[in-house]
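Below: one structure, written as structure tokens.
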Amino acid sequence: MKKNITIGMDLGDKKNYVFGLNEEGKKLESQFIMNTQKQIEKFFKKYEKENTRIVMETGTHSPWISEMLKKKGFEVLVVNSNQLPLISRSIRKNDMKDAELLARLGRFDKDLLHTIEHRSQESRNDLSIIKSRNKLVETRASLVNHVRGIFKSFGQSIPSSSTPSFTQKIIFDIPHKLKNAINPILEIIDTLTVKIRNYDKQIKELSEIKYPETKLLRQVNGVGPVTALTFILTIETPDKFQRSRTVGAFLGLTSKIFDSGEINKQLRISKAGNKYLRSLLITCSNYIMGPFGNDCDLRQHGLKIMQRGGKNTKKKAIVAVARKLSVLLHRLWKDKAIYDPFYNSKKDTLKQIA
């Protein structure tokens, strides 16, 4: 008869700490193993014939380790570390203690663990293109700001321009005494611009050939290829959510709630989930609410919030529109629907007539 075994793993870059429990909750073993595929497979081989549950926290190495162990037939629970304050907020951090705590919680009730499912390797591969592009964009922006700072320190200003055309705008305005300091930076900025455009081509090809459903999302004015593809790759399947309304909470765009005793108040947004996708949706929301955004239900929703006045009203409106946008994108994807910018307005009008 198979034994029920629970093993907690505290993952590290070089070493992983493991703590095993039998079905009575007694310690089987505790040790560290090197963080290599060969050593991990060697350690867990003796548990392949048992009912073994492995519990680990999210981290850099959790995607490939959990995928490898699942292929070996183990039940693997990956825990959202931010939702496990017993470990994340512990005042006495200890790798072996963390591994033991994961094992004991996993043995008791897995519903307490706030488990997550890692994206597939294919989705992670394609997302790495978007992440690499974003890193180049951030680096280029940092270098542009560096050059602007040098100019300002010498009492000179640079005319406003788009980042890709920045070097052409200032190349003839650089004082002779600053050329040795600035010209190499401008060369790097130009190189980064070329590389970013190459990534843009890859993203366009991925969207058109491999992920044609991105067209459904790009129907919304302000949603570009990067946002559409990131949304698809992050969520992976529209069936992940039964109700589109829950997407906003998944991406950390809903308020935290403190409801205890006689106190019931809303706090700031939770900022749970994928930080990069959330930032892209906020950027789209800023565009929709900005001077170039087309009139639509989303924009009208944001304007109504802004009309209320009060502290941080504009920020609240931007977040609210981003939350509505996440729900809309999921609905368009799930239903393969044609986007109607005034769908809700028309529905309200029909209700009033009825």
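A short reminder: the numbers here are calculations on the coordinates, not readings from a lab. These numbers were taken from a predicted model, which means no experiment stands behind them. Cβ placement follows ideal geometry from the backbone for every residue including glycine, while neighbour counts extend to all protein chains displayed.
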Open item on the list: Once each part is reduced to its C-alpha centroid, what is the distance from region 183-210 to region 267-329 in angstrom?
Closed with: 28
Task: Residue among Asn22, Met96, Pro63 farthest towards the positive dipole end of region 4-116, charges placed on Cβ - done: Met96
Open item on the list: Just to verify a number: FRET efficiency for Ser279 and Asp111, C-beta to C-beta distance, R0 = 25 Å, to 0.05?
Closed with: 0.20
Task: Over 31 Å between alpha carbons, listed pairs Lys14/Lys70; Lys131/Lys177; Lys195/Lys275; Lys14/Lys72 - done: Lys131/Lys177
TODO: Quick one: go through region 185-207 and flag any residue whose amide nitrogen is under 11 Å from the point 7 Å out along the Cα-to-Cβ line of Ile158.
DONE: 185-187, 189-190
TODO: Please list the non-local residues whose amide H lies under 5 Å from the amide H of Leu77, H modeled 1.01 Å from N, same-chain partners needing a gap of 5 or more.
DONE: Ile54, Val55, Met56
TODO: Work out the length of the dipole vector of region 225-353 about its Cα centre, built from +1 on the beta-carbon of each Lys and Arg and -1 on the beta-carbon of each Asp and Glu, and round it to the nearest 20 debye.
DONE: 380
Task: Packing-based order for 154-165, 26-37, using average beta carbon neighbours within 10 Å, highest first - done: 26-37, 154-165
- [ ] Collect residues whose amide H, placed 1.01 Å from N in the peptide plane, falls under 5 Å from the amide H of Gly12; neighbours closer than 5 in sequence don't count.
- [x] Tyr17
Task: Helical mean residue ellipticity (222 nm; -39500 (n - 2.57) per DSSP H run of 4+; nearest 500) of the chain - done: -16000 deg cm²/dmol
Open item on the list: How big is the dipole moment of region 30-188 about its Cα centre under a simple scheme where the beta carbon of each Lys and Arg is +1, that of each Asp and Glu is -1, and everything else is neutral? Debye, nearest 20, please.
Closed with: 320
Open item on the list: Skipping prolines and chain starts, which residues have an amide H placed within reach, meaning under 5 Å, of the one on Leu28, given they are 5 or more residues away or on another chain?
Closed with: Gly20, Leu21, Asn22
TODO: Give me the distance between the Cα centres of region 124-161 and region 35-58, rounded to whole Å.
DONE: 43
Open item on the list: Which of rounded, prolate or oblate describes region 90-168 when judged by the alpha-carbon gyration tensor and an a/c cut-off of 1.5?
Closed with: prolate
TODO: For each pair in Lys2/Lys45; Lys3/Lys38; Lys27/Lys97; Lys49/Lys97, compute the distance between the two Cα atoms and list the pairs where it is over 19 Å.
DONE: Lys3/Lys38; Lys49/Lys97
